[in-house]
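Working notes for the structure below.
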Amino acid sequence: MIEKKGTLRPGARLARLKLTRPFRHAIDRRLARVRRVFRIEEIAFVLLGGAVGLVAGIAVVIMSRILQLMHELFFAIEPGTLLGAGPAVEPLRAICVPIVGGLILAMVMRLSGRFRSRKIVDPIEANAIYGGRMSLLDSLGVGLECLISSGSGASVGLEAGYSQVGSGMASYLGYKLRLRRNDLRTLVGCGAAGAIAAAFDAPLAGAFYAFELVISGYNVGAFAPVVLSALAGSVVAERLAEHSGVIPVATNSTALWQEQLPLVLADGLLASFVGIALMLAVTQAERLFATKRMPSGLKPAIGGLAVGALALSFPQVLSSGHGALQTTLFELLGTPIPLREMAIILLLKSFATAISVGSGFRGGLFFATLFMGALTGGLFAGLINLQFPGLQLDPQAYALVGMSGMAAAVIGCPFTMMFLTLEITGAFALIPLLVPSVLLSALTARRLFGFSFATWRFHLRGETIRSAHDIGWIRDLTVGRLMQHTIRTVRDDISLADFRRSFPLGSGDVVIVLDDRGRYEGVILVNRAFAFELDSAAEKTRLFPFIEYKDRFLLPSMNVKEAVAEFERSMAEALAVVDNATDLHVLGVLTEAHALRRYSEELDQRHRELAGETWHA
């Protein structure tokens, strides 16, 4: 019999299977050993964090080079020149490029939406709810959408894409290695740290970005891998990319600290107010585009048209503002920018950012807030000098205070923004000024507004996330998982004597009462049914008067925290679990003691993980 080319006889298939099966087992055994090393050995996990930082740094270099090429190609700027740092862009390009970019972005988002099984999860939400689990494909898609948005001139930054891609790759690697929940969350922070450190050549800012925003806390177990990841990302970016270097700063920080501290604090306070106004403006822009009856595919293009129109006179509004920030700080060092021009640029940049995010462009406010904060600080110093010439405030120093203060208020990570300002300017002598002003700005925004930009967007979606602090384990610990499925039930029409015979003392604490249709009626406490004063009338007494908690029950979807709160409200020791509030079909029973014990055990486990005590568990 002639066999077709490329086919195998049944015997050959069996032989190949016999050969490959031991090979597969050997691979599985080796992978299991590797996973065990990273789960047990702390040094191995630290090195893994450094490897994640290297990969994230390489990804950032690739994305930043693509972005620069897009700007040079689409806006016809000189090679190596940052968009917004040079002369005005050609009017036709300023208008058309954002419109075409918006159309392309809409098509990409529509196509990618067909392949997504759920909503996109960013690093903060992943660590808060999902234990660090992120989709690598979705993260790469977000990076592409951020490239299209920022590359076409939309007033958003690429830093959100950097962080998403770095964290997504870290999450994918940690999932394949089957890391513990807290270790996976730490590795996601390593990816974000390496990405941000590579983007700005700022390892301190990258590390604190992970601690403050992605991990939401400082702990011994996460310190070494996150710091190594940030250093690795910064080193690989410095070797592979052409960073523009430190922006020079010339200011007398000692005199400022002694004589002008109240004005410095006022500058930080003003930056916080401007940051709050920006977040509200973004929200209003989103609502405006959501209420207008227009095809969703046209919204980014319309937003691009508005941004392009604003860029006709002031190209500084385009993209995130890297070039515009450097130009602004350089000019503040020499010839001051006219105050009217600074105010106009600040206003137009705020409008452009709100319109870009509101119309659907993908990106963040990380660097845009640095630029707007610098304008706010420089404008503040200029106005004070105009009214009180004798003070002679340094506009550049106040610009640095404003940029770190506004970014801290909007992004929600004060030490990250303070270290970023210091690292990109080299002005470490300004630490006595930046620390109080940045903390005041962040606290003011938190007190008056209550959210950072990321957590504010979660709030608008109905989520209760206030930070990346791990609350996912609480949501996973549901009543459906904790309840006891074996239950004892009784009809509500029997006598107390019959109940005593069916459920003697010592047989259990509670019995679930059902009506004639099998629906939940309430709970009977066994010890109360055997009260001494009821013995003489037990045969004639009906069970109904002893039914308790008739309107109190639990649902399987409730988490353990909600269940404990329900126990406190009802003052019950045990409650029935029903399928829903309408059908009232009993699924099980949960006791308060068991819920509190499991909640305490999980809480203690999280505390041990944060203290770094679970490496050899």
message: What FRET efficiency comes out for Asp515 versus Arg598 if R0 is 25 angstrom and r is the Cβ-Cβ distance? Round to the nearest 0.05.
response: 0.20
field: Inter-label distance for Leu391 and Asp492, nm, one decimal - labels placed 7 Å from Cα along Cα-to-Cβ
entry: 7.3
- request: Please provide three numbers in whole Å: the alpha-carbon extents of region 24-148 along the principal axes, with the largest listed first.
  value: 62, 34, 32
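Between Arg569 and Asn219, what is the FRET efficiency for a Förster distance of 30 Å, r being their Cβ-Cβ separation, to the nearest 0.05?
Numbers: r = 34 Å, r/R0 = 1.14.
About 0.30, to the nearest 0.05.
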message: Going by average Cβ density within 10 Å per residue, which order do the peptides 565-574, 397-406 take, highest to lowest?
response: 397-406, 565-574
statement: region 541-577 scanned against label point 7 Å out from Arg501 along Cα→C-beta; backbone N under 19 Å for 541-544
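So, by mean Cβ neighbours within 10 angstrom, what's the order for 409-420, 228-239 with the highest one leading? Don't skip to the answer; put the middle values down first.
On the way: 409-420: 27.6, 228-239: 24.9.
Per-residue mean Cβ counts within 10 Å order the peptides as 409-420, 228-239.
For a footprinting-style exposure proxy, rank Arg598, Arg293, Arg33 by other Cβ within 10 Å, fewest first. If you can, show how the numbers build up before the last one.
Details: Arg598 16, Arg293 4, Arg33 9.
By the 10 Å Cβ count, ascending: Arg293, Arg33, Arg598.
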statement: Fewest to most Cβ atoms within 10 Å: Thr353, Thr425 sort as Thr425, Thr353
task: Set the Förster radius R0 to 56 Å, insert the Cβ-Cβ distance between Glu238 and Gln484 as r into 1/(1 + (r/R0)^6), and round the FRET efficiency to 0.05.
output: 0.40
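For Ile40 and Leu261 in the same chain, what is the full-extension length gain: residue separation times 0.36 nm, less their Cα-Cα distance, in nm?
On the way: separation 221, 0.36 × 221 = 79.56 nm, distance 4.97 nm.
74.6 nm is the gain from fully extending Ile40 to Leu261.
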query: Along region 265-275, what does the Karplus equation 6.51 cos²θ - 1.76 cosθ + 1.60 (θ = phi - 60°) give for ³J(HN,Hα), rounded to whole Hz, x for Gly and Pro?
result: 5, 5, 5, x, 5, 4, 4, 5, 4, 5, x
- prompt: Given labels modelled 7 Å from the Cα in the Cβ direction, how far is it in nm from Ser536 to Ala309?
  reply: 9.1
task: For Ala574, list long-range residues whose amide hydrogen, built 1.01 Å from N in the peptide plane, is under 5 Å from its own amide hydrogen.
output: Glu592
message: Through the Karplus equation 6.51 cos²θ - 1.76 cosθ + 1.60, θ set to phi - 60°, convert the phi angles of region 52-64 into ³J(HN,Hα) values in whole Hz; use x for Gly and Pro.
response: 4, x, 4, 5, 5, x, 5, 4, 5, 4, 4, 5, 5
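Taking neighbour Cβ counts within 10 Å as the exposure measure, how do Ser437, Ser152, Ser112 sort from fewest upward? Spell out each step's value before the answer.
Numbers: Ser437 31, Ser152 28, Ser112 17.
Result, fewest neighbours first: Ser112, Ser152, Ser437.
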task: At a Cα cut-off below 14 Å, give the aspartates and glutamates reachable from Lys540, other chains included and same-chain residues fewer than 8 away excluded.
output: Asp493, Asp498
- prompt: For Glu78 and Arg33 in the same chain, what is the full-extension length gain: residue separation times 0.36 nm, less their Cα-Cα distance, in nm?
  reply: 10.9 nm
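No value in this document is a laboratory result; all are computed from the given coordinates. Owing to the predicted nature of the structure, the values given are computational and were not obtained by experimental measurement. In this analysis, Cβ positions are derived from the backbone assuming ideal geometry, glycine residues included, and neighbour counts consider all displayed protein chains.
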